[in-house]
Amino acid sequence: MTIKEIFDSMAYGPAPESAAEALAWIARHEDRFGHYIDGAFTAPGETFTTSNPATGKPLAQITQGTAEDVANAVKAARRAQPKWAALPAFRRAEYLYALARLVQKHSRLFATLETLDNGKPIRESRDIDIPLVARHFSYHAGLAQLLPSEHPDMRPLGVCGAVIPWNFPLLMLAWKVAPALAAGNTIVLKPAEYTPLTALLFADISREAGLPRGVLNIVTGDGSTGAALVDAEVDKIAFTGSTSVGKRIREATAGTGKALTLELGGKSPYIVFDDADLDSAVEGLVDAIWFNQGQVCCAGSRLLVQEGIAPRFHDKLKRRMDGLRIGDPLDKCIDIGAVVDPVQLDTITRLVRDNPEGEHYVAATPLPAQGCFYPPTLITGLGTASPLMQEEIFGPVLVSMTFRTPEEAVALANNTRYGLAATVWTENINLALDVAPKLKAGVVWINATNLFDAAAGFGGVRESGFGREGGWEGLMAYLKPARKPAALKPAAPIPAPAEPVVDPLDRTAKLYIGGKQARPDSGYSQPVYGPRGKLLGHVGIGNRKDIRNAVEAAHAAKGWAKTTAYNRAQVLYFIAENLSARHAEFAARLRDQTGRPGEAEVDASIQRLFTYAAWADKYDGAAKSVPIRGIALAMNEPVGVIGALLPDEAPLLGLVSVMAPAIAMGNTVVLVPGQRPLSATDFYQVLDTSDVPGGVVNIVTGPAEDLARTLAGHLDVDAVWSFSSHPLSALIEREAAGNLKRTWVNHGRARNWTGAEGEGRAFLSQATEVKTVWVPYGE
Amino acid sequence: MGGGTAGTAMDPETMTTLSTTATGLLPQVTHPRNPGMALDLDWVASVQANTSAIERRAATLPGRRSVKKEYQAAWLLKAISLIDLTTLSGDDTPGRVQRLCAKARQPVAPWMLDKLGMPGLTVGAVCVYHEMVETAVRALEGTNIPVAAVSTGFPAGLSPYRLRIAEIGDSVKAGAREIDIVISRRHVLTQNWQALYDEMRDMREACGDAHVKAILATGELGTLRNVARASLVCMMGGADFIKTSTGKEAVNATLPVSLTMIRAIRDYEARTGYKVGYKPAGGIAKAKDALVYLTLMKDELGHPWLQPDLFRFGASSLLGDIERQLEHHLTGHYSAANRHAMG
């Protein structure tokens, strides 16, 4: 074209970023890569090809990692770990800082290589991914520095295994490697099969930081390599990827004692109220669903727009879609690049093609003739039941529905199995701050979307996984308490004596459900004997229906979460007061059950109630120092309904230690007492007299294993804890995979309920989810 | 010259020129002129502008678009055709204005324009104070470059109302084909939309066939929400263009302000069918900035807003930087200011 012709057309010409340096780096490795283990690249083994999705051209041969490769990498990491953990914090901080600087110094090389391998626009890898990587290492250099003084009683887990996805290859590496190393762990990371190159470049470049060998290991391969890593001798698995694989990992690691964090899929709502800045909300959608070709776990993929403005909003949106430029990802003038692989393109294509309902609008923007490209698509007029409204498409496809009221917006937003992120657009601060806490999501963006920072926790609830990445809360997932717990001896049931001592006045303990005493559904009871053969009473044999009823009652009491923390503190003080009034009775009951004096346990229980009454309004969230004009609020929200298997060894203190932190934070609970259940069943009379709303605390006695299985498999329970001396940990973790509820189990380890480890922040953090609410401001 | 209605004044030959080099362009020749509409206060009240979000869009725009090589040269030439070459100084003299007009006729060295295949390119208009209008009109005789006059007590807009209205008539009589009026900022700051609307209506009427650009002085309006609402009210009052600044405020044209104003233009067109022009003024001094503005117009409003009848740069030093970049494009060597004729 002549200049005159361009002058008339004002077309954007090509503006390609050169791939020469990135290709030269690949060529220096002779187009073939082994793993990076113990500070060196291994000889390539059996390989597969990684390609440029924009052109289909092969980039390099990558080694398919075997179980043996994984074992070697874990061995190297294991060898390196003690020395790495023993380094002064400052030394680890130095290494992390050096990594941050190296990422910056090689930023264009990383960006170009990422775009070649993944297909994302060079603008995104250059302006978003790589700067966030540098920021993550830099921030974690700071965490490493401060860790010993801030958390002197925490220790690294050991060797961490990380399995990461292909949508943000280097950024997800940073999210795993930075906290693992900062906490004193070593790591074996498996990058995604489609996008291994930047991880290998990072390993290569880590040598320029002088990172000790074995601290960072990269094993490449497909899902089978990842599975081998999950099964390997590691102390933690950190996984980011699909919900289905996340569930498999939950099952595979059940009972192993491996720590686990899962960051999984989503179908995140994007809510536009009628008083929003509509043009900005439209632009936000470009950053939500047309960022990274829509291959973003937290993509705002479910548009909910207030009915009165829907036609106008959709018109604006379609016009904006038509202006999106799709093409060569290395071109500095395009908005949308290539989908990562033909397989993914096929998945998106099939999902949309097989669900023709609703009105499909495809952006009037030209598509390249070849390569993995999918046009920006808007689908309106769908119902909540439409598969496209429920399933994660993981592509540039936006689905839209309307709502009438804020209440309905929240209901529709939460009508999903997922709970990763949510976006809210309104100019009304009252509305925004009212809606944000009601959304089931780990992250909420107000009048913005897809904001990320190392200081702000990121992660999901429900089937979007558990654990946070970023901030102190993220680092905690790479640490464990310094204490070395002893094995917990199983509590043997007291057998029926030959001639029981019987008190003629019958006292029948019932179940306690919804604030009422309830007979067990089974109609069966079992006697409870004291160690000296005294028949102390009967307790009901609860079954799955009793658990069902208790969970329903716990949900019906969800208003508890909305009461003020002051109010919850008052209720806890009142419980303590009433327990104190019945001190002698509870002490006697403890003595009858255990054969030991009970006074000290009652005292400790009253004190513990005071502890959590104190905590109720002091377990504060945080306002994170994120690099925007605005605030990122880390709000501690209740987990929801928690099922808990109570300890056998402390019939009263165990109950109080588990119940009090949970309800102090606004949860409702279903408690399953242990082998000496009568203190728990006596306790409902204390609850009845202490202004505890019905359903906040529910008590179901019965066989621990059966009830644990039902609770862990219940799809409307948000967390299950177990301190039982029964070996229930594996069962609970495996059954929990169904809805990916959080679990906190003892793996057969004891806890000293009277000491410091019987209370405090460990309990509070398990009783809460951190929700990060981003609120940019400015007028 | 002045006073000819755009649609009737153009002959077919000029129309051809318009679509190619866009020289000698009268405003609003290809689109019907915005007649204005009744003040719609509900609409005004419903306008929102989220500052943070607008700033984010503005901040990422330069990273989203890139124009290179011959495309960049063509885009820079386009930018020249859109410049209102401006002098608005207390020490302006006829000699100074004549020199500026000569530069407007020949903004780039002829050898460069020849090599670029764009001989005869001129700037969009010349913008001066009322006292300089006649000088400028004479100096531009034989070209089709319109003269724009800043009017209505520029830059503060606080001289007596009747004088401000009279000033418009005088400038039109003197040959100005475009009038850049300043609005009363106090009407915006006190949310007195009726007063702003009435003022705009009166000024539009005083302009007659001359086209009116409403200067909002956005740097003095406090919030982007005010900018958005004032933009809308001025369009309702019949503005042909809305313009950011006088160049005399502490803050002049910015990308966030521009985004806010052109979104108002888009909404106005969607509701009424009339296209209103946009003129950022002040602070746009670099070729690179000009390219960003052009991408903003292209992406947010589309191709019609890359033509001088709907888009102008109010700028005095921008041209010099563009000349240097064009020479670099032609020779491969970085250029120097002294190699290009002063304006």
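The values are calculated or read from the model by the stated rules, or taken from the named source; none is laboratory data. Worth saying up front: this structure is predicted, and the values here are computed from it rather than measured. Glycine gets a Cβ as well: all are built from the backbone with ideal geometry, and neighbour counts include every protein chain shown.
Between B:Ser46, B:Ser89, which is free of Cβ contacts under 8 Å to residues at least 40 places away in the same chain and within 14 Å of chain A (Cβ to nearest Cβ)? Can you show your working first?
Numbers: B:Ser89 fails: within 14 Å of chain A (Cβ to nearest Cβ).
Being free of Cβ contacts under 8 Å to residues at least 40 places away in the same chain and within 14 Å of chain A (Cβ to nearest Cβ) holds for just one of B:Ser46, B:Ser89, which is B:Ser46.
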So which of B:Gly24, B:Gly2, B:Gly36 ends up being away from chain A (no Cβ under 14 Å), modelled with pLDDT under 95 and touching a Gly at 6+ places or on another chain (Cβ under 6 Å)?
B:Gly2
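Looking only at helices (runs of 4 or more DSSP H) that lie completely in region A:1-91, which have at least 2 residues being away from chain B (no Cβ under 14 Å)?
On the way: elements: A:3-9, A:20-28, A:67-86.
So the answer is A:20-28, A:67-86.
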Quick check, is A:Asn118 under 21 Å from A:Glu193 (Cα atoms), more than 14 Å from chain B (Cβ to nearest Cβ) and free of Cβ contacts under 8 Å to residues at least 40 places away in the same chain?
no
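Residue by residue through region A:398-417, note down the ones that are within 23 Å of A:Tyr361 (Cα to Cα) and either touching a Phe, Trp or Tyr at 6+ places or on another chain (Cβ under 8 Å) or not in a helix (DSSP H, G or I) (or both).
First, pick out the residues of region A:398-417 that are within 23 Å of A:Tyr361 (Cα to Cα): A:398-403, A:412-413.
Answer for region A:398-417, where residues must be within 23 Å of A:Tyr361 (Cα to Cα) and either touching a Phe, Trp or Tyr at 6+ places or on another chain (Cβ under 8 Å) or not in a helix (DSSP H, G or I) (or both): A:Leu398, A:Val399, A:Ser400, A:Met401, A:Thr402, A:Phe403, A:Leu412.
A quick yes/no check of all residues on (1) within 13 Å of chain A (Cβ to nearest Cβ); (2) of a type in the set (Gly, Ala, Ser):
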{"position": "B:Thr254", "(1), (2)": "no, no"}
{"position": "B:Met261", "(1), (2)": "yes, no"}
{"position": "B:Ala264", "(1), (2)": "yes, yes"}
{"position": "B:Arg271", "(1), (2)": "yes, no"}
{"position": "B:Tyr274", "(1), (2)": "no, no"}
{"position": "B:Gly277", "(1), (2)": "no, yes"}
{"position": "B:Pro280", "(1), (2)": "no, no"}
{"position": "B:Thr295", "(1), (2)": "yes, no"}
{"position": "B:Lys298", "(1), (2)": "yes, no"}
Taking the residues in region A:267-285 that are within 14 Å of another protein chain (Cβ to nearest Cβ) and of a type in the set (Val, Ile, Thr) as candidates, determine which candidate is surrounded by the fewest Cβ atoms within 10 Å (Cβ to Cβ).
A:Val282
Quick check: anything in region A:748-759 under 18 Å from the mean Cα position of the chain (by Cα) and either of a type in the set (A, V, I, L, M, F, W, C) or more than 14 Å from every other protein chain (Cβ to nearest Cβ) (or both)?
no
Tabulated pairs, region A:72-89, first in the same structural domain as A:Leu147 (by TED's automatic domain parsing), second part of a helix (DSSP H, G or I) and at pLDDT 95 or above, C-beta under 6 angstrom, 6+ apart or interchain:
A:Ala89/A:Ala144; A:Ala89/A:Gln145; A:Ala89/A:Leu147; A:Ala89/A:Pro148
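Among the helices (runs of 4 or more DSSP H) confined wholly to region B:54-168, which include 3 or more residues that are over 22 Å from the mean Cα position of the chain (by Cα)? Quick ask: steps written out before the conclusion?
Working: elements: B:69-81, B:94-105, B:110-116, B:133-139.
Answer list for region B:54-168: B:69-81, B:110-116.
Looking at B:Leu232, is it touching a Lys or Arg at 6+ places or on another chain (Cβ under 7 Å), of a type in the set (A, V, I, L, M), within 14 Å of chain A (Cβ to nearest Cβ) and not in a strand (DSSP E or B)? Spell out the reasoning first.
Working: touching a Lys or Arg at 6+ places or on another chain (Cβ under 7 Å): no; of a type in the set (A, V, I, L, M): yes; within 14 Å of chain A (Cβ to nearest Cβ): yes; not in a strand (DSSP E or B): yes.
In short, no.
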Applying the selection to region A:572-591, what residues are in contact with a helix residue (DSSP H, G or I) (Cβ under 8 Å, 6 or more places away or on another chain), in a helix (DSSP H, G or I) and either touching a residue at least 60 places away in the same chain (Cβ under 8 Å) or of a type in the set (Gly, Ala, Ser) (or both)?
A:Leu572, A:Ile575, A:Ala576, A:Asn578, A:Leu579, A:Ser580, A:Glu585, A:Phe586, A:Ala587, A:Arg589, A:Leu590
For residues that are crowded, with 21+ Cβ neighbours inside 10 Å and under 25 Å from A:Asn185 (Cβ atoms), scanning just region A:120-133, find the one that is farthest from the chain's Cα centre (by Cα).
A:Ile130
Among residues of region A:286-324 being β-branched (Val, Ile, Thr) and within 14 Å of chain B (Cβ to nearest Cβ), the residue surrounded by the fewest Cβ atoms within 10 Å (Cβ to Cβ) is A:Ile309
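Report yes if B:Ala270 is more than 29 Å from B:Lys103 (Cα to Cα), out of contact with any Phe, Trp or Tyr (no Cβ under 7 Å at 6 or more places or on another chain), surrounded by 24 or more Cβ atoms within 10 Å (Cβ to Cβ) and modelled with pLDDT of 95 or more, otherwise no.
Considered against the rule, which asks whether it is more than 29 Å from B:Lys103 (Cα to Cα), out of contact with any Phe, Trp or Tyr (no Cβ under 7 Å at 6 or more places or on another chain), surrounded by 24 or more Cβ atoms within 10 Å (Cβ to Cβ) and modelled with pLDDT of 95 or more, B:Ala270 comes out as no.
Looking at A:Arg596, A:Arg568 in this structure, which one is part of a helix (DSSP H, G or I) and either away from every other protein chain (no Cβ under 14 Å) or closer than 24 Å to A:Ser722 by Cα (or both)?
Details: A:Arg596 fails: part of a helix (DSSP H, G or I).
That would be A:Arg568, the only listed residue that is part of a helix (DSSP H, G or I) and either away from every other protein chain (no Cβ under 14 Å) or closer than 24 Å to A:Ser722 by Cα (or both).
Within region A:95-134, track down each residue that is closer than 23 Å to A:Arg155 by Cβ and in contact with a Leu (Cβ under 9 Å, 6 or more places away or on another chain). Before you say what the answer is, go through the steps one by one.
Going residue by residue through region A:95-134, those that are closer than 23 Å to A:Arg155 by Cβ are A:95-97, A:99.
Result: A:Tyr95, A:Leu96, A:Leu99.
Considering each of A:Ile642, A:Ile631 in turn, give the residue that is within 30 Å of A:Asp546 (Cβ to Cβ) and in a strand (DSSP E or B). Full working, then the answer.
On the way: A:Ile631 fails: within 30 Å of A:Asp546 (Cβ to Cβ).
Selected residue: A:Ile642, the only one of A:Ile642, A:Ile631 that is within 30 Å of A:Asp546 (Cβ to Cβ) and in a strand (DSSP E or B).
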Kindly provide the set of residues from region A:593-647 that are closer than 20 Å to A:Thr768 by Cβ, of a type in the set (Lys, Arg) and either touching a strand residue (DSSP E or B) at 6+ places or on another chain (Cβ under 9 Å) or surrounded by fewer than 22 Cβ atoms within 10 Å (Cβ to Cβ) (or both), ordered by number.
A:Lys618, A:Lys624
